[in-house]
1. If amide hydrogens are placed 1.01 Å from N in the peptide plane, which non-local residues have theirs closer than 5 Å to the one on VAL242?
2. So what is log10(I(q)/I(0)) for the chain at q = 0.08, 0.14 1/Å, when the Debye sum runs over its Cα atoms only?
3. Under 5 Å between amide H atoms, partner at least 5 residues away or on a different chain: which partners does GLY275 have, H built in plane at 1.01 Å?
4. Could you list log10 I(q)/I(0) for region 122-259 at q = 0.11 Å⁻¹, which the Debye formula gives when each Cα is one point scatterer?
5. Count neighbours as other Cβ atoms within 10 Å of each site's Cβ, and list the trypsin sites (Lys or Arg not before Pro) in region 301-360 that are DSSP loop with at most 13 such neighbours.
6. List the trypsin sites (Lys or Arg not before Pro) within region 231-303 that fall in a DSSP loop (any state other than H, G, I, E or B) and whose Cβ has at most 16 other Cβ atoms within 10 Å.
7. Can you compute 3J(HN,Hα) from phi for each residue in region 108-116, using the Karplus curve 6.51 cos²θ - 1.76 cosθ + 1.60 with θ = phi - 60°, rounded to whole Hz and x for Gly and Pro?
8. Sequence-distant or interchain residues sharing an amide H contact under 5 Å with CYS344, placed H: which?
Amino acid sequence: MSEKRYRIVLLPGDGIGPEVVRAGRRLIEAVARTCGHEVEFEERLIGGAAIDARGEPLPGETVEAARRADAVLLGAVGGPKWDGLGGDRRPEAGLLGIRKALGAYANLRPVRAWAPLLTASTLRPEAVEGVDLLIVRELTGGLYFGKKRRERENGHTRVVDEMVYTTPEIERIVRLGFEAARKAGKSLTSVDKANVLESSRHWREVVERVAAEYPDVPYTHMLVDNCAMQLVRDPRRFGVIVTENMFGDILSDEAAVLTGSIGMLPSASLGEGPGLYEPVHGSAPDIAGRGAANPLGTMLSVALMYQFSLDEPAVSSAIVDAVDRVLGEGFRTADLARPGDRVCGTEEMTGAVLERLRLT
Ligand code: NAD
Ligand code: IPM
Ligand code: MN
């Protein structure tokens with residue numbers, strides 16, 4: 001029995017956020033019981049839930065609690081109820097704000113084709129079999145954080161979203177990409193739009209410079225439109241993909257199709273403060289409140305939490321193995337089900353993973 005004590009902040013958010021965070025919490029509790037960890041949970045408001053209760057998407061107390069945590073688990077934010085609100089007052093501003101407040105500039109989004117799910121993808125099984133790639137998405141710069149303006153000009157509306165990157169911002173994420181590729185013994189693909197964007201041309205220069213420090217890591221540049229196509233045409237060619245904020249957002253939802261469902265994708269957002277762990281999917285308003293959400297993206301985010309923030313790599317692997325077993329035995333939430341499959345809900349899927357957790 002270890003004496004470890006963890007403080008975990010839970011940010012359930014909106015829509016299916018609370019449903020999947022409950023699954024994550026059950027998983028952390030099960031691990032704590034078996035391994036003898038003490039866990040202190042603090043639940044805080046973010047997104048639409050925070051707007052409704054406090055009038056703002058990211059209350060100060062949420063940021064303070066997150067900064068004191070060993071790790072933060074976030075569900076999802078947003079939904080039709082708040083879609084009319086302006087930029088800074090939207091639920092999504094809470095998510096961007098917590099990422100910035102934690103200095104979480106590196107968003108790791110692993111994508112793997114689970115053998116039992118090969119037929120759950122809308123792509124052909126032979127096209128996705130063996131896929132095991134990592135998207136390293138820059139998370140605190142680019143279009144998301146540039147100046148935004150809406151003004152009147154000659155009787156029309158004129159809108160501006162600035163795309164800003166500095167050399168150090170590019171350098172640190174590119175270096176992290178090279179490190180990840182070296183560790184995994186894989187190649188690096190740097191994705192940009194250097195044929196059009198100044199920010200991408202500088203991105204390429206920085207990649208060239210950093211690459212000189214990693215002569216053992218094969219790398220290529222790829223334009224983002226081609227990358228979107230190659231991801232579904234020949235996904236096995238990719239090892240680690242490093243890219244800026246917006247391209248990474250779009251490519252990761254596309255890559256989710258390789259796994260069978262966006263509900264399968266976990267993420268870790270790392271940087272200066274505590275790690276922030278979130279499934280890649282959103283609040284899924286179309287299925288919220290029905291107990292139907294796939295909890296595996298969140299449970300796999302908890303696996304990343306044990307790997308990167310809690311220094312328990314064996315727990316992390318045990319969670320991944322349990323998910324693999326559950327899928328192998330045919331458990332399917334609706335998003336993964338094919339005609340004729342028995343469909344289970346969030347709770348049943350969560351329970352099935354917990355029952356199959358083998359922690360020594
Ligand atoms: P979404 O990811 O919420 O949903 C897209 C589709 O995938 C929907 O059909 C949904 O039912 C399905 N889906 C998503 N997660 C699932 C899960 N775990 N299990 C089963 N099915 C799942 O994307 P959207 O509909 O474009 O966005 C809805 C809201 O979520 C928007 O307000 C958006 O801003 C927000 N959003 C938040 C985050 C986040 O908090 N990290 C991420 C993406 C979108
Ligand atoms: C994600 C989401 C967010 C993003 C939104 C909700 C701000 O799509 O985490 O992928 O674009 O980063
Ligand atoms: Mn997204």
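1. Answer set, sorted by chain and number: VAL136, THR189, SER190, VAL191.
2. -0.39, -1.23
3. VAL72
4. -0.44
5. Answer in residue order: ARG342, ARG358.
6. Within region 231-303, the qualifying trypsin sites (Lys or Arg not before Pro) (loop, at most 16 other Cβ atoms within 10 Å) are ARG290.
7. These are the phi-based 3J(HN,Hα) values: 9, 10, x, 10, 10, 8, 6, 3, x Hz.
8. Under 5 Å from the amide H of CYS344 lie the amide H atoms of ARG332, THR333, ALA334, each far enough along the sequence or on another chain.
None of the figures in this text is laboratory data; all of them are computed from the coordinates on show. What you are looking at is a predicted structure, and each value in this text was computed from that prediction instead of being measured. Neighbour counts run over all protein chains shown; Cβ positions are idealised from the backbone, glycine included.
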